[in-house]
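J.: First, the structure itself, so that you have it in front of you.
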Amino acid sequence: MKVSDILRLKGNTLYTVHPDEPLARAVETMAEKDIGSLVVMEHGDLVGMLTFREVIQRLVKNGGGVGTTLVRSSMDDAPVTCTLETDMDEVRRMMLGCHARYMPVMDKRMLMGVVSFYDVAKAVVDSQNFENKLLKAYIRDWPQEESPPAA
């Protein structure tokens, strides 16, 4: 399974923010849309990711408030990315390796979407459920006079 398969199922709604946007407004957007991340774009280029992790770190640094902080000062300015052709096993390894819960999907310099750790986990579970159903149907439909092949 590739990243393109997940994005096809997930849909293509993207939420972005400009790096010079107030962090408070970005947090409001995340709360209103019930999302855990915003892609930070400037002049059509990916310049960072803002997730609840960066927001919490900023809250701790500021004593519980975001004040007049801009997104630029809180965002991850070097997010790990993948492509539409990246295999899901590789995405999982990349996400686990750098503790990323969200990963921008790029086609050269164009943002194609974002996959979350949830999206990856759901794809794995859905794939396993499908394989399970196929195996059960295969065994159920096996002729009664023969034993199914040993696994």
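J.: Return only the number of the condition from (1) in contact with a helix residue (DSSP H, G or I) (Cβ under 7 Å, 6 or more places away or on another chain); (2) at pLDDT 90 or above; (3) closer than 18 Å to Leu9 by Cβ that Asp87 does not satisfy.
T.: Result: Asp87 passes all but (1).
J.: For the range 1-21, what are the residues that are open to solvent by 50 Å² or more (accessible area, probe 1.4 Å) and over 25 Å from Ala121 (Cβ atoms)?
T.: His18, Asp20
J.: Here's a follow-up. Answer yes or no as to whether Val66 is farther than 30 Å from Val124 by Cα, at pLDDT below 95 and touching a helix residue (DSSP H, G or I) at 6+ places or on another chain (Cβ under 6 Å). If you could, list the steps in order and put the result at the bottom.
T.: Details: farther than 30 Å from Val124 by Cα: yes; at pLDDT below 95: yes; touching a helix residue (DSSP H, G or I) at 6+ places or on another chain (Cβ under 6 Å): yes.
Against the criterion (farther than 30 Å from Val124 by Cα, at pLDDT below 95 and touching a helix residue (DSSP H, G or I) at 6+ places or on another chain (Cβ under 6 Å)), Val66 qualifies.
J.: Can you tell which of Thr51, Thr13 is modelled with pLDDT of 95 or more and of a type in the set (S, T, N, Q)?
T.: Being modelled with pLDDT of 95 or more and of a type in the set (S, T, N, Q) holds for just one of Thr51, Thr13, which is Thr51.
J.: While we're here: Quick check: anything in the range 73-91 more than 20 Å from the chain's Cα centre (by Cα) and without any contact (Cβ under 8 Å) to a residue 60 or more places away in the chain?
T.: Within the range 73-91, one or more residues are more than 20 Å from the chain's Cα centre (by Cα) and without any contact (Cβ under 8 Å) to a residue 60 or more places away in the chain.
J.: Given the options Lys33, Lys122, name the one that is of a type in the set (D, E, K, R) and either within 12 Å of the chain's Cα centre (by Cα) or open to solvent by less than 30 Å² (accessible area, probe 1.4 Å) (or both).
T.: Of the residues listed, the single one that is of a type in the set (D, E, K, R) and either within 12 Å of the chain's Cα centre (by Cα) or open to solvent by less than 30 Å² (accessible area, probe 1.4 Å) (or both) is Lys122.
J.: Select from the range 58-104 the residues that are open to solvent by 70 Å² or more (accessible area, probe 1.4 Å) and in contact with a Ser or Thr (Cβ under 8 Å, 6 or more places away or on another chain) and write down the one among them that is farthest from Met41 (Cα to Cα).
T.: Here the residue is Glu85.
The values are calculated or read from the model by the stated rules, or taken from the named source; none is laboratory data. Just so we're clear, the structure is a prediction, and the values are computed from it rather than from any experiment. With ideal geometry, Cβ positions are generated from the backbone for all residues, glycine too; neighbour counts draw on all protein chains shown. All accessible areas refer to the heavy atoms of the entire protein, side chains included, with ligands and DNA or RNA removed. Shrake-Rupley method; radii C 1.70, N 1.55, O 1.52, S 1.80 Å.
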